[in-house]
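Okay, so here's the structure we're looking at.
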Number of protein chains: 2
Amino acid sequence: MDSLDRAIIDELVRDGRVTNVELASRVGLTAGPCLRRVQRLEADGVIRGYHASVDPHAVGRGFEVILHVDLVTQEAAVVTDFEREAAALEEVSEFKRLFGTPDYFLRIAVADLAGYEEFLTGRIMSIRGVGKVSSHFSMKNLKG
Amino acid sequence: MDSLDRAIIDELVRDGRVTNVELASRVGLTAGPCLRRVQRLEADGVIRGYHASVDPHAVGRGFEVILHVDLVTQEAAVVTDFEREAAALEEVSEFKRLFGTPDYFLRIAVADLAGYEEFLTGRIMSIRGVGKVSSHFSMKNLKG
DNA sequence: TATGTGCATGGACAGCCTTGACCGCGCAAT
DNA sequence: ATTGCGCGGTCAAGGCTGTCCATGCACATA
């Protein structure tokens, strides 16, 4: 993992579909060694994959909400049930258990406010053991 | 935006480096029309780009913390200064202004706990106007 | 000095992409 | 029924890429 590897990674993060010859010329290598490095980075798990990034609005996921959830108990059955059910919801794009408060951090991606209201009452608050929930609406993205 | 477009998008999100011929066969098209659709989706901004996904640990960003920040005042100069300075920090991978409390949501990606402590005291709390900060450490990722 | 690592170069082959043109089908409007 | 339009299928030519190989060189290390 030297500066050439980092340059390759930076380029591939910026443009995941760049051709090997173009990538090589951008980082100051020729195609052969460049390809070897990329394959090594992939094999080592440094590069996990390549993905298209899609406009959320175009796929009905333009309304994003950060949701904090507390459970009313830490009883094992309640915890595992909640985690399984919430993780299975496709509107849940990120789902973490936290140390301390709140118990859970969820990122919800739905089409609009109505969709969120429906999701929150119908999908989340109907799960057994869900206590306090707190929704945080984004005013503006300042980065990312 | 029909079911073919959605299938193409799903495939490209899953594997952003799939070849056009392979993509076409997966969604049940031939190469020509498939390429036309991909180009249209790109031109329309539905597909924003293609990016490699990198193991955070391999690039010194394996320790992620969710950080809530409140400012001591909503004075315009303080607000704009804070937003500009925080957005410029490379450890900040996501940065939103929220409605209500807290004022700001930040995602911080550093190497380890020591790096976070240094970041928090040296980079965030030293910005003028920063009041209450609250760090949320992830216990485990349940999705995403 | 001997060795291992990593890169440059050149060549070669198979395969893919791109582009364009032309054809046929289904559907909606007239 | 007919016309026009949108969309997919097919075909072909040309260029480029990905991949692999062998060889030689520079550099750090033992």
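The values are calculated or read from the model by the stated rules, or taken from the named source; none is laboratory data. The model shown is predicted, which means the values in this text are computed figures rather than measured ones. In this analysis, Cβ positions are derived from the backbone assuming ideal geometry, glycine residues included, and neighbour counts consider all displayed protein chains. Just so you know, the surface numbers come from the protein's heavy atoms only, side chains and all, with ligands and any DNA or RNA stripped out. Shrake-Rupley method; radii C 1.70, N 1.55, O 1.52, S 1.80 Å.
Applying the condition of being touching a helix residue (DSSP H, G or I) at 6+ places or on another chain (Cβ under 8 Å) and more than 10 Å from DNA strand C (Cβ to nearest atom) to the stretch A:22-34 and asking which residue is farthest from the other protein chains (Cβ to nearest Cβ) yields A:Arg26. The number of residues in the stretch A:90-144 that are of a type outside the set (Ser, Thr, Tyr) and either part of a strand (DSSP E or B) or more than 27 Å from B:Asp10 (Cα to Cα) (or both) comes to 31. All of A:Val46, A:Val54, A:Val69, A:Val65 fail the test of being over 20 Å from B:Met1 (Cα atoms) and at the interface with chain B (Cβ under 8 Å from one of its Cβ atoms), apart from A:Val46.
The residue of the stretch A:7-21 that is nearest to the other protein chains (Cβ to nearest Cβ), among those that are within 12 Å of DNA strand C (Cβ to nearest atom) and open to solvent by 40 Å² or more (accessible area, probe 1.4 Å), is A:Arg17.
Test of understanding: among A:Asp10, A:Asp55, A:Asp15, which residue is touching a strand residue (DSSP E or B) at 6+ places or on another chain (Cβ under 9 Å), away from DNA strand D (no atom under 13 Å from the Cβ) and within 27 Å of B:Phe95 (Cα to Cα)? Working first, answer last.
Details: A:Asp10 fails: touching a strand residue (DSSP E or B) at 6+ places or on another chain (Cβ under 9 Å); A:Asp15 fails: away from DNA strand D (no atom under 13 Å from the Cβ).
Within the list A:Asp10, A:Asp55, A:Asp15, the selection yields A:Asp55.
Restricting to the stretch B:76-119, name every residue that is open to solvent by 20 Å² or more (accessible area, probe 1.4 Å), in contact with a Lys or Arg (Cβ under 8 Å, 6 or more places away or on another chain) and more than 10 Å from chain A (Cβ to nearest Cβ). Residues satisfying the conditions are B:Asp81, B:Glu91, B:Ala111. Looking across the stretch B:28-75 at every residue that is under 17 Å from B:Asp15 (Cβ atoms) and hydroxyl-bearing (Ser, Thr, Tyr), the one that is surrounded by the fewest Cβ atoms within 10 Å (Cβ to Cβ) is identified as B:Ser53. Filtering B:Leu120, B:Leu98 for residues that are outside the structural domain of B:Asp15 (by TED's automatic domain parsing), of a type outside the set (Asp, Glu) and in contact (Cβ under 8 Å) with a residue 40 or more places away in the chain leaves a single hit, B:Leu120. Taken over the stretch B:41-53, the criterion of being out of contact with any Leu (no Cβ under 8 Å at 6 or more places or on another chain) and away from DNA strand C (no atom under 12 Å from the Cβ) is satisfied by B:Leu41, B:Asp44, B:Gly45, B:Val46, B:Arg48, B:Gly49, B:Ser53.
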